[in-house]
Amino acid sequence: MMRVAERVSFVSTTGPVLAGIIDVPEGEVRGWGVFAHGFTLGKDCPAASRICKQLAGEGIGMLRFDNLGLGHSEGDWGDGSFSHKVDDTVRAVEFMNGSGREVKLLVGHSFGGAAAIAAAHECPTVAAVASVGAP
């Protein structure tokens, strides 16, 4: 089954443009979420790709994005911090909400799991958080 992957970009909280992919469900959309990747891994790492594609297969569209200076995103990884990752995860939720895809789910892997937990407090639409191996 061929799933649709929509390439997107949005401005980070510090200015550089962040690159993302939205794994769009083929059939009925049951909801939308944002995925926060692990330390230095990026949106295309196996954990991000597999989790988001599986969720899309279950009807939950997911945005996964490269943090500052990683993958296809602008900026310098060294300029980021945990606070930047949290803020940019919130920005990703705002980007999705602004495009008419209201985010109810945050998922994070490793370092991203901790960021997802922290970001959820700043995201009024988020109803659930899933963390995989957060420190």
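The values are calculated or read from the model by the stated rules, or taken from the named source; none is laboratory data. This is a predicted model, so every value here is computed, not measured. Just so you know, the surface numbers come from the protein's heavy atoms only, side chains and all, with ligands and any DNA or RNA stripped out. Shrake-Rupley method; radii C 1.70, N 1.55, O 1.52, S 1.80 Å.
Can you give me the relative contact order of the stretch 1-71 as a percent, contacts being Cα pairs under 8 Å and 6 or more apart?
Details: 137 pairs, mean separation 26.0, N = 71.
It rounds to 37 percent for the stretch 1-71.
Against the criterion of solvent-accessible heavy-atom surface with a 1.4 angstrom probe, ARG101, ARG91 sort, most first, into ARG91, ARG101.
The order of HIS121, HIS84, HIS72, HIS37 by accessible area, most exposed first and with a 1.4 Å probe, is HIS121, HIS72, HIS84, HIS37.
For the chain, the longest principal axis of the alpha carbon atoms and the long axis of helix 46-57 meet at an angle near 30°.
Amide hydrogen proximity for ALA130: with H placed 1.01 Å from N in the peptide plane, the residues at 5 or more positions away or on another chain lying under 5 Å are LEU106, VAL107, GLY108. Annotation: amide H-H contacts under 5 Å for GLY31 (H modelled 1.01 Å from N, sequence separation of 5 or more, or interchain): GLY61.
Gain on full extension, evaluated as 0.36 nm per residue between PHE39 and GLU26 minus their Cα-Cα distance, stands at 1.7 nm.
Counting every alpha-carbon pair across the stretch 8-99, the share separated by more than 22 Å comes to 22%. Using θ = phi - 60° in the Karplus curve 6.51 cos²θ - 1.76 cosθ + 1.60, the 3J(HN,Hα) couplings for the stretch 17-24 round to 7, 9, 9, x, 10, 9, 7, 9 Hz; x is entered for Gly and Pro.
Quick one: how many Å² of ASP44 are accessible to a 1.4 Å probe, rounded to 10? Roughly 90 Å² of ASP44 is accessible to a 1.4 Å probe. Once backbone amide H atoms are built at 1.01 Å from N, VAL103 has ASN97 as its partners under 5 Å, excluding neighbours fewer than 5 places away on the same chain. Looking at the stretch 1-97 alone, DSSP beta bridges between its own residues are antiparallel in about 70 percent of cases. For the chain, the longest principal axis of the C-alpha atoms and the axis of helix 111-120 are separated by about 80°.
Divide by every residue of the chain the summed helix terms, -39500 (n - 2.57) for each DSSP H run of at least 4, and state the resulting mean residue ellipticity at 222 nm, rounded to the nearest 500 deg cm²/dmol. List each step's numbers first, then the result.
Working: 3 runs with 39 residues, N = 135.
Rounded to the nearest 500, the figure is -9000 deg cm²/dmol.
If I stretch the segment between VAL11 and VAL132 completely, what's the gain in nm (0.36 nm per residue apart, minus their alpha carbon distance), one decimal?
Numbers: separation 121, 0.36 × 121 = 43.56 nm, distance 2.63 nm.
Extending this stretch completely gives an extra 40.9 nm.
What separates the Cα centres of the stretch 22-57 and the stretch 111-125 is a distance of 16 Å.
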